[in-house]
Every structure is written in C-alpha cells, then in structure tokens.
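First up is the structure itself, then whatever we jot down about it.
Please treat every number below as a calculation from the coordinates, not as lab data. Please read all numbers here as calculations on a predicted model, not as lab measurements. Note: ideal-geometry Cβ built from the backbone for every residue, glycine included; neighbour counts use all protein chains shown.
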Amino acid sequence: MTDSGPVAGKPSPIRPTAIVLTPGAGASSDHPTLVALDTALSARGIAVLRIDFPYRLAGRRAPDRPAVLVETVRSGALGFAEKLGVGLNQVALGGRSMGGRMCSIAASEGLPTAGLVLISYPLHPPGHPDRPRTAHFPAIKVPCLFVSGDRDPFGSPDELQAATRMIVGPVTHAWLTGGDHGLRRRDESLASIVVSWLIPG
C-alpha cells in the first residue's frame with residue numbers, strides 16, 4: 001500500500017511567498033514534521049516561520065485559551081509579512097493538529113492568507129464524533145489542504161470529507177495510508193504532498 005497524493009477538489013497551486021507553521025498541543029516548533037516542511041519549502045524558495053505558542057515558551061503543558069493561540073498566529077503572520085515586505089495574502093498558514101486548527105480559526109475570523117495547510121486536523125476528540133470542531137468552517141474562504149492518516153482517531157476520511165464540504169474555499173485532501181494522528185516516519189511523503197500543492201511543477 002502506498003501513500004496517496006492530493007485528491008478530491010485539487011485547486012491550482014497557490015504559490016505563496018511565505019508560510020507560518022505551528023505545532024500541535026504537545027509539541028514545539030522543533031517538531032520533526034515542521035522541521036521537514038521547513039527544509040523542503042525553504043529549498044523551493046518559500047520563506048518559513050515556525051512559531052511556538054506562549055504556554056510552550058513559558059514551560060507549561062496546558063495550552064493557552066483559543067483566543068490567545070489565535071492571536072499568536074495572527075501576530076506571527078503580521079510580523080513575518082512585514083519583515084518580508086509582502087502582503088498577508090502572500091503568506092500561507094498551517095501546522096499540525098491544534099496548531100493547524102488555530103490557523104484555520106484565524107483565517108475564518110478574517111486574517112488574510114494565501115491558503116491553509118492543515119496536517120492531522122483534529123476534527124473531534126477521539127471517540128467523540130458528537131463534539132465536532134467545525135463551527136468556523138463555513139467562514140473559511142481560502143484554499144485548504146488537509147493531510148491526514150487514514151487511521152486517525154481524531155477524524156476518519158469519511159468524516160473529514162463530509163465536514164469540509166462546509167468550507168467555502170477549494171479543499172484538497174491527501175491521505176497517508178495506515179497513518180495515525182502522529183504520522184510518524186511519514187515526514188518525507190508529507191513534505192512532498194505539501195510542496196506539490198503550494199508550488200507548480
């Protein structure tokens with residue numbers, strides 16, 4: 001069995017100038033997946049900023065309130081765009097699990113962005129499909145790439161595809177065969193998928 005590339009609703013590549021990457025709840029900006037993405041995207045000329053959330057910088061384990069996390073994404077994107085001298089609509093946002101979710105909320109609340117790269121999106125807590133984290137989906141109007149394992153307990157392929165129909169912007173799904181939420185040892189495949197979506201050719 002092999003990993004799949006982008007499927008279902010593939011839009012034209014968005015070719016951003018830069019991307020802001022965020023970690024999952026239990027990780028830092030040095031997570032191997034984010035480092036692999038940084039390496040692959042930087043090699044193709046995309047500027048990369050990996051950010052940490054305040055609670056991690058303070059040495060705490062419990063995540064900050066969503067409003068604080070979203071503001072961290074917003075301020076990180078604004079500062080990075082200003083540093084590079086580009087508009088926010090040239091900066092993509094994304095990350096793993098909770099980090100990607102916060103990026104999607106920031107976009108739904110009006111933060112301009114070239115697109116969203118959402119890895120292992122936590123659609124619902126494991127075993128609780130009755131608690132979806134999708135209320136903001138109808139307000140997302142930018143291109144989205146969802147990369148998930150097909151055995152992710154935070155959302156099955158069928159659940160994720162059904163939920164993302166609420167998103168106004170074009171949605172692309174890519175599934176990593178046999179992958180769980182952590183997607184361990186899948187960094188090379190994952191980075192290839194993200195690069196092919198962001199950059200033409």
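Taking packing as the residue-averaged number of other Cβ atoms within 10 angstrom, the listed peptides 64-70, 189-195, 98-104 run from highest to lowest as 98-104, 189-195, 64-70. Phi-derived couplings, Karplus 6.51 cos²θ - 1.76 cosθ + 1.60 at θ = phi - 60°, listed residue by residue for the range 38-46: 4, 4, 5, 6, 4, 5, 9, x, 9 Hz, with x used for Gly and Pro. If you take the Cα centroid of the range 162-194 and the Cα centroid of the range 41-79, the two points sit 21 Å apart.
The range 24-68: D in µm²/s via Stokes-Einstein (Kirkwood Rh, Cα pairs, 25 °C, 0.890 mPa s)? Could the numbers behind the result be given before it?
On the way: Rh = 11.7 Å.
Calculated translational D: 210 µm²/s.
What are the semi-axes of the equivalent ellipsoid of the range 128-201, taken as the square roots of 5 times the eigenvalues of the Cα gyration tensor, listed largest first and rounded to whole Å? Working shown, then result.
Values: eigenvalues 88, 68, 13 Å².
Equivalent-ellipsoid dimensions as semi-axes: 21, 18, 8 Å.
Largest GNM mean-square fluctuation across G179, G26, G155, computed for the chain with C-alpha springs under 10 Å, falls on G26. Rounded to the nearest whole Hz, the Karplus-based 3J(HN,Hα) values (6.51 cos²θ - 1.76 cosθ + 1.60, θ = phi - 60°) of the range 154-170 follow the sequence 7, x, 6, x, 4, 5, 5, 5, 5, 5, 6, 5, 6, 6, 6, x, x, with x at glycine and proline.
Karplus-based coupling profile of the range 133-149, in residue order and whole Hz: 10, 10, 4, 8, 4, x, 8, 8, 10, 10, x, 10, 10, 9, 10, 9, x, with θ = phi - 60° in 6.51 cos²θ - 1.76 cosθ + 1.60 and x standing for Gly or Pro. Seen through its C-alpha gyration tensor, with square-root eigenvalues sorted a ≥ b ≥ c, the chain comes out rounded because a/c lies under 1.5.
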